[in-house]
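Taking it in order: structure first as structure tokens, then the write-up.
The values are calculated or read from the model by the stated rules, or taken from the named source; none is laboratory data. Since we're looking at a predicted model, the values are computed, not measured. With ideal geometry, Cβ positions are generated from the backbone for all residues, glycine too; neighbour counts draw on all protein chains shown.
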Amino acid sequence: MISRPTFNPRLILLHLGLVFVGALGGLAAQAAGLPLPYILGSLLSVAILAQGSEILAKTPDTALLPPDFRFNDPARAVFIGVIGMAIGTSITMEVLLTLPKAAFSFLALTLFVPLTFWANYVIFRRVGGYDRPTAIFSASPGGLYESIMFGEQAGADMRQLMLAQFLRIILVVTLLPVGMSIYVGHPVGSSAGLGLAPKDTGLEHLPVAALVVVLGLYVGRLIHVPAPQLLGPLLLAGIVTLSGLAVLDLPNWMLSVSQIVIGTTLGTRFAGMRPAMLIRGTWLAFLTVGMMLLIGTGMALILRPLTGEHFDVLLISFAPGGVTEMALIALSLNANPAFVTLHHIYRIVLTVFMITHVAKRFGWRT
């Protein structure tokens, strides 16, 4: 007999409530003129809620967000797919023709991944005092899920490992837009009036766009690409756009909602983290992320005359954050997100290869 999924009204209300809190944070961040307000505002507001509710709760089990809470993966995948589809519409012949000029930056990424991997390991092992498995998989400059999976099999401290990996993405998503805003002299992201679609776009393309997202999610898992929720819809949308089969524009408010959900899911990662562990993990994350961004900055400066690309585009291409978030930052700077996304796909593939090699070398199951 097959059991049916249990309908849990409380869990549904909790998800809706978190998105509402994230939306309030996103709107507040937009009003304050922060960069990427819908992601950063929702992330910060939900993270504060998660930590505050745990501090006020008598026991961890009575906190608003239980320590083992995870945002619904299928729902999150749909919103990531919407962003992926929007990015895929920017794949044009002009972008494809620029790929030969990116050979130098791909070569630099081949050096960037092992260099930052080693430097991160030294920081976590020598400065943070982590044991070897925890330090190795915390040091990974990408491949979040693979790092966590192999780290668990190797006996790493999962709380420290997950904190290191999630803070890597969160700090890059937080620090890079702020730095870019200072560099360009104005806020980047939707706070600057930029969007992912023409301002007069309505819902006339919604049916076809929804079909592309759903099929893209399926294709992404079928062909086992990195970050399948993003890249499946992205690749399918790119094919549809290049072939001229359909127009896939969606209204900006719908894309803003997707950013709020993504930021909300990142904010929930702070649930169950003790303040002392969070403080220790945060300053180690600042060291590692700062070091990676510094190396990326140096490589971007060297590559600028070789590739003809702008410094900010190259820096975003090397920033070790999430693929979705880095593509959104590229969009906010009017840089083509497809170019940036291709670099991050390569970074993730290289990182996963290194993680697998290290795990096999130490006899850990892969």
(message) For the stretch 297-310: of the residues being free of Cβ contacts under 8 Å to residues at least 40 places away in the same chain and over 21 Å from the mean Cα position of the chain (by Cα), which is surrounded by the fewest Cβ atoms within 10 Å (Cβ to Cβ)?
(response) Pro305
(request) Scan the stretch 284-296 and give yes if some residue there is outside any loop (DSSP other than H, G, I, E, B), closer than 30 Å to Ala75 by Cα and in contact (Cβ under 8 Å) with a residue 12 or more places away in the chain, otherwise no. (result) yes
(message) I'm told Glu309 meets every condition in (1) assigned to a helix (DSSP H, G or I); (2) farther than 17 Å from Phe166 by Cα except one. Can you identify the failing condition by its number?
(response) (1)
(request) Check Tyr145, Tyr130 and return the single one that is surrounded by fewer than 20 Cβ atoms within 10 Å (Cβ to Cβ), within 25 Å of Gly272 (Cα to Cα) and either out of contact with any His (no Cβ under 6 Å at 6 or more places or on another chain) or at pLDDT 90 or above (or both). (result) Tyr145
(message) Considering only residues that are small (Gly, Ala, Ser), crowded, with 19+ Cβ neighbours inside 10 Å and within 14 Å of Val213 (Cβ to Cβ), which ones fall in the stretch 223-260?
(response) Gly232, Ala237, Gly238, Ser258
(message) Test of understanding: among Phe106, Phe112, Phe71, Phe79, which residue is closer than 28 Å to Gly272 by Cα, at pLDDT 80 or above, among the aromatic types (Phe, Trp, Tyr) and not in a loop (DSSP other than H, G, I, E, B)?
(response) Phe79
(message) Suppose the filter is modelled with pLDDT of 85 or more, touching a helix residue (DSSP H, G or I) at 6+ places or on another chain (Cβ under 7 Å) and aliphatic (A, V, I, L, M); does Met273 pass it?
(response) no
(message) Looking only at residues that are among the aliphatic types (A, V, I, L, M) and either surrounded by 13 or more Cβ atoms within 10 Å (Cβ to Cβ) or assigned to a loop (DSSP other than H, G, I, E, B) (or both) in the stretch 82-95, which one is modelled with the lowest pLDDT?
(response) Val95
